[in-house]
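All remarks here apply to the structure that follows.
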Amino acid sequence: MSKKKKRQVEQDPFAAGQPWLSMKSGIITMVVVSVLMVAWVTWQGSYSKPLGESLLWGLVFGGSLWMVFLLFLLIHRLLRR
């Protein structure tokens, strides 16, 4: 196999086992999604509950997204060793 073909195989972004999203992009996406989730749950909860309680529920739901993300990150790193 020539060097040119070998480089093409190594640079294939859709190769098996290669991440399709960088860690930096994943963290930025998680921050945006969790902040939007906190804002949305707080806004929806403010109709029936006081603002402080609805903000607490928003933080719980936003934090649960981070717990799931970190759990799957840990599992992925343990299995990839």
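If a spin label sat at a point 7 angstrom from the Cα of Gln44 along the line to its beta carbon, the backbone N atoms of the range 51-81 nearer than 16 Å would be those of 54-65. Shown for the range 42-81: the carbon plus sulfur share of the solvent-accessible area, taken with all protein chains present and a 1.4 angstrom probe, equals 74%.
A protection proxy built from the mean count of other Cβ atoms within 10 Å ranks the segments 51-58, 64-71, most packed first, as 51-58, 64-71.
The values are calculated or read from the model by the stated rules, or taken from the named source; none is laboratory data. No experiment lies behind these values; they were computed from the predicted model shown. Neighbour counts run over all protein chains shown; Cβ positions are idealised from the backbone, glycine included. SASA here: full protein model, heavy atoms, side chains in, ligands and nucleic acids out. Shrake-Rupley method; radii C 1.70, N 1.55, O 1.52, S 1.80 Å.
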